[in-house]
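A quick write-up on the structure given underneath.
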2 protein chains.
Amino acid sequence: MKLKMMYSFLNSDINIIEKKLEETIQAESLLLQQASLHTLQAGGKRIRPIFVLLAGKFGHYDIDVIKNVAVALELIHMASLVHDDVIDDADLRRGQPTVKAKWDNRIAMYTGDFIFALSLELMTNIHKPAAHKILAKTMVEVTVGEIQQIKDKYRFDQNFRDYLRRIKRKTALLIAASCQLGAIAADVEESIHKKLFQFGYYVGMSFQITDDILDFTATEEELGKPAGSDLLQGNITAPALFAMENAEIRHEIEKVNEYIEHQQIEKIISLIKQSGAIEKSIALSDLYLKKALEILEELPANKAKKTLRDIAKFIGRRKF
Amino acid sequence: MKLKMMYSFLNSDINIIEKKLEETIQAESLLLQQASLHTLQAGGKRIRPIFVLLAGKFGHYDIDVIKNVAVALELIHMASLVHDDVIDDADLRRGQPTVKAKWDNRIAMYTGDFIFALSLELMTNIHKPAAHKILAKTMVEVTVGEIQQIKDKYRFDQNFRDYLRRIKRKTALLIAASCQLGAIAADVEESIHKKLFQFGYYVGMSFQITDDILDFTATEEELGKPAGSDLLQGNITAPALFAMENAEIRHEIEKVNEYIEHQQIEKIISLIKQSGAIEKSIALSDLYLKKALEILEELPANKAKKTLRDIAKFIGRRKF
């Protein structure tokens with residue numbers, strides 16, 4: 001089943017979100033508007049808004065209220081991608097030129113700042129102190145994680161604890177916050193919105209591990225960027241960490257640096273794929289997925305719950 | 001009179017602000033903490049926190065509440081400086097190496113994001129929707145202004161309207177917001193906090209025009225960076241705009257680009273200083289200062305009002 005089919009009952013609300021995204025980035029500065037629109041139109045699965053809306057279904061769902069949260073979370077995600085592309089010196093994302101490639105690093109930095117400020121403006125429509133506290137804490141953690149990711153580059157003595165903490169901050173916390181804030185905006189009681197946070201956290205971990213696997217196993221066409229980019233950029237993810245349990249492969253991986261030749265990195269990627277590391281990574285992702293589904297069982301039954309289950313399974317096991 | 005003498009009755013509260021600033025930037029990441037602390041210790045006049053506190057004196061002043069706003073506003077200012085130094089490729093600020101010079105652009109970008117996220121976390125202690133709306137709108141305007149500043153670089157056909165709109169977004173709005181948010185945090189009634197916003201706006205305009213004058217007239221030692229940096233970087237400010245009213249000087253100024261020789265820029269700076277443009281710029285700054293002082297007259301009399309008057313005069317006419 002395709003992802004979009006899973007939440008077809010939300011279609012009209014997803015359209016509202018898309019329209020609101022486009023409306024929000026209207027800027028007096030044509031340059032800012034173009035750079036933001038470019039990022040918006042590069043696509044993406046809109047996973048965060050979908051989680052916001054579904055979590056809202058556990059309470060008093062009002063699209064006119066909750067759309068602010070859904071759009072804000074997608075904008076925060078977009079802003080962080082624009083900044084990340086500067087750091088990673090990435091020219092392509094989802095097969096499209098990045099803002100930093102199409103304009104330059106300076107424009108990308110301020111475009112990220114602008115999109116982030118817009119998200120805050122939307123959030124001011126939500127008069128719940130708890131929502132703001134959760135979001136601000138998440139933002140702090142995300143930025144700490146971003147710095148950590150820079151520090152951990154090409155650091156081959158890192159362990160799984162470093163990796164898991166990094167992907168928690170990089171991905172899982174914002175998905176967890178999407179679930180929790182969607183629920184809070186819909187007046188869902190605390191015991192439930194805390195479980196939705198947990199669900200989002202586990203799904204987010206599984207999602208990112210899957211992403212990290214796909215960077216090794218998917219084709220360049222599917223990824224919209226060359227396969228093996230993570231390792232080439234010194235970003236040590238689950239498959240590399242599992243593969244490094246083998247001393248010989250570890251020795252090869254430790255040779256990776258920015259200037260490594262194309263042929264050599266291809267060889268190392270092959271070694272990793274043959275080592276069983278991909279299967280171990282899939283098992284790790286499945287472990288988080290299982291935890292997510294368990295938490296879900298504790299939530300009241302409704303249409304959203306079934307959809308959350310389907311989406312969790314999809315994004316934890318997707319092929320690209 | 002020295003600036004610090006003007007608000008000596010606030011000394012113990014200013015110490016609380018300094019301590020809270022240092023506490024807030026404690027980070028799990030040592031690198032982030034060092035980069036943030038470096039920015040913090042580079043100094044600055046702490047104008048924004050002082051305005052927050054003084055504005056709070058028009059209402060129910062509680063340092064335990066208002067310190068959150070004061071520290072948040074200073075952090076937002078710091079974050080924007082860290083990002084601006086990347087854009088301006090600036091190695092020095094206030095005589096100290098910038099974050100981007102001491103570390104690199106990537107660290108500077110995320111340090112800015114981190115400091116900004118911390119400011120949001122502090123603001124969640126203020127449960128007043130109006131405060132959050134004003135701050136978010138200000139942030140959007142500030143980022144629009146930053147992009148505009150990039151677009152306007154070396155654009156010699158710009159006029160005073162472009163310049164004034166730019167410095168409004170760059171400086172005046174955040175100072176205006178400092179005054180208004182300090183008042184809102186102290187439950188000051190709307191008619192008064194709106195006037196404090198206006199006061200801050202006019203002071204901010206005067207402050208930035210003075211800053212732009214000093215970039216031509218102060219010494220490298222006073223500025224902590226080479227004089228004439230603005231023009232060299234293509235940032236066309238009041239003195240250059242006034243000087244361009246003379247067609248011959250305009251012709252010379254239009255030759256400025258990033259690769260201009262040291263001797264030639266020195267010559268152009270001399271021409272601007274001899275043209276009467278500095279005096280006209282001072283008059284413009286005084287005009288805004290006068291408006292600020294007029295608004296102040298409409299506010300209830302108290303100790304803070306007198307101090308605001310002294311500070312406004314000081315920062316509108318300071319020598320460095």
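Quick notes on this one:
- Breaking point among (1) closer than 27 Å to B:MET123 by Cβ; (2) in contact with a Ser or Thr (Cβ under 7 Å, 6 or more places away or on another chain); (3) more than 10 Å from chain B (Cβ to nearest Cβ), for A:VAL144: (3)
- Some residue of segment A:86-94 being within 11 Å of chain B (Cβ to nearest Cβ), acidic (Asp, Glu) and under 20 Å from the mean Cα position of the chain (by Cα): yes
- The set of residues in segment B:27-53 that are in contact (Cβ under 8 Å) with a residue 40 or more places away in the chain, away from every other protein chain (no Cβ under 14 Å) and hydrophobic (A, V, I, L, M, F, W, C) comprises B:ALA42, B:ILE47, B:ILE50, B:PHE51, B:VAL52, B:LEU53.
- Among the residues making up segment A:147-168, a single one is under 23 Å from B:THR124 (Cβ atoms) and at pLDDT 95 or above: A:LYS168.
- Every listed requirement among (1) more than 8 Å from every other protein chain (Cβ to nearest Cβ); (2) among the acidic types (Asp, Glu); (3) part of a helix (DSSP H, G or I) is met by A:ASP113 save one, (1).
- Residues in segment A:184-237 that are outside any loop (DSSP other than H, G, I, E, B), farther than 15 Å from A:ARG94 by Cα and of a type in the set (A, V, I, L, M): A:ILE184, A:ALA185, A:ILE192, A:LEU196, A:VAL203, A:MET205, A:ILE209, A:ILE213, A:LEU231, A:LEU232.
- Qualifying position, being within 19 Å of the chain's Cα centre (by Cα), closer than 29 Å to B:ALA108 by Cβ, small (Gly, Ala, Ser) and surrounded by 24 or more Cβ atoms within 10 Å (Cβ to Cβ), among A:GLY204, A:GLY200: A:GLY204
- Within segment B:54-66, tally of residues that are part of a helix (DSSP H, G or I) and either within 22 Å of B:SER80 (Cα to Cα) or not hydrophobic (A, V, I, L, M, F, W, C) (or both): 3
- Segment B:60-75, subset aliphatic (A, V, I, L, M) and more than 26 Å from B:LEU32 (Cβ to Cβ), residue nearest to the chain's Cα centre (by Cα): B:ILE66
- Test: B:ASP91 is under 30 Å from A:THR111 (Cβ atoms) and in contact with a Pro (Cβ under 8 Å, 6 or more places away or on another chain): yes
- Options B:ILE50, B:ILE76; residue that is under 27 Å from A:ARG106 (Cα atoms) and β-branched (Val, Ile, Thr): B:ILE76
- Residue selected from segment B:123-133 under the condition surrounded by 20 or more Cβ atoms within 10 Å (Cβ to Cβ) and within 22 Å of the chain's Cα centre (by Cα), by the criterion nearest to the other protein chains (Cβ to nearest Cβ): B:HIS132
- Enumeration of residues in segment B:306-320 that are under 19 Å from B:ARG48 (Cβ atoms), in a helix (DSSP H, G or I) and either in contact with a Gly (Cβ under 6 Å, 6 or more places away or on another chain) or in contact (Cβ under 8 Å) with a residue 40 or more places away in the chain (or both): B:THR307, B:LEU308, B:ASP310, B:ILE311, B:ALA312, B:PHE314, B:ILE315, B:GLY316
- Any pair with Cβ under 9 angstrom, 6 or more apart, that starts in segment B:146-165 at a residue that is in contact (Cβ under 8 Å) with a residue 24 or more places away in the chain and ends at one that is part of a loop (DSSP other than H, G, I, E, B) and small (Gly, Ala, Ser): B:ASP152/B:GLY234; B:LYS153/B:GLY234; B:TYR154/B:GLY234; B:ARG155/B:GLY234
- Sole exception among (1) among the aromatic types (Phe, Trp, Tyr); (2) closer than 30 Å to B:LYS306 by Cβ; (3) free of Cβ contacts under 8 Å to residues at least 60 places away in the same chain for B:TYR259, by number: (2)
- Matching residues, segment B:60-101, being surrounded by fewer than 20 Cβ atoms within 10 Å (Cβ to Cβ), at pLDDT 95 or above and touching a helix residue (DSSP H, G or I) at 6+ places or on another chain (Cβ under 6 Å): B:ILE63, B:VAL65
- The number of residues in segment B:175-193 being under 20 Å from B:ALA72 (Cα atoms) and either among the aromatic types (Phe, Trp, Tyr) or more than 19 Å from the chain's Cα centre (by Cα) (or both) comes to 7.
The values are calculated or read from the model by the stated rules, or taken from the named source; none is laboratory data. Quick caveat, the model's predicted, so the values are computed rather than measured. Note: ideal-geometry Cβ built from the backbone for every residue, glycine included; neighbour counts use all protein chains shown.
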